[in-house]
Amino acid sequence: MHELGITQNIVAIVTEHAQGSKVQRVVLEIGKLSAILPDAIQFCFDICTQNTVLAGATLEIIEIPGLARCCQCGAEIYLDKPFGICNCGSVELDLITGEELKIKEIEIEELCV
């Protein structure tokens, strides 16, 4: 399960950016063509955040659809897998979206003194 290693890296990056502040929420973008399972990331997140500044934080995952542009006719088509065929018959496609893995937002608790 490579999602465990990915989640450990996400937790490390967020922890570094939080600089000791309590993290309330993390928003990830995961492309449908990235071969990363959002449910597995969610499961690993709950484990990896124990005893960290992310403990109890909410993880929101936004799935980005696969989108490609046909090299032959220029049409844009949605993909469910990292390959496909255009309506014109071409299989030469340039991926536009769907391979993302981004930390989109980090919500940190602010203490008012």
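Every number here is computed from the coordinates shown, using simple stated rules; none is lab data. Computed from a prediction, not measured in an experiment: that's the story for all the values here. So basically every Cβ, Gly included, is an ideal-geometry build from the backbone, and we count neighbours across all protein chains shown.
Listed by first and then second residue, the pairs with beta-carbon distance under 6 Å, at least 6 apart or on different chains, first residue in the stretch 77-104 and on the phi < 0 side of the Ramachandran plot, second acidic (D, E), are E100/E29; K102/E29; K104/E29. Would the stretch 66-87 turn up any residue that is touching a Pro at 6+ places or on another chain (Cβ under 9 Å) and acidic (D, E)? Yes, the stretch 66-87 contains at least one residue that is touching a Pro at 6+ places or on another chain (Cβ under 9 Å) and acidic (D, E). V53 meets the conditions (1) buried (at least 16 other Cβ atoms within 10 Å of the Cβ); (2) aliphatic (A, V, I, L, M); (3) within 14 Å of the chain's Cα centre (by Cα) in every case but one. The failed one is (3). Filter the stretch 8-20 down to the residues that are out of contact with any helix residue (DSSP H, G or I) (no Cβ under 9 Å at 6 or more places or on another chain) and surrounded by 14 or more Cβ atoms within 10 Å (Cβ to Cβ), then identify the one that is farthest from D80 (Cα to Cα). Within the stretch 8-20, the match that is farthest from D80 (Cα to Cα) is A18.
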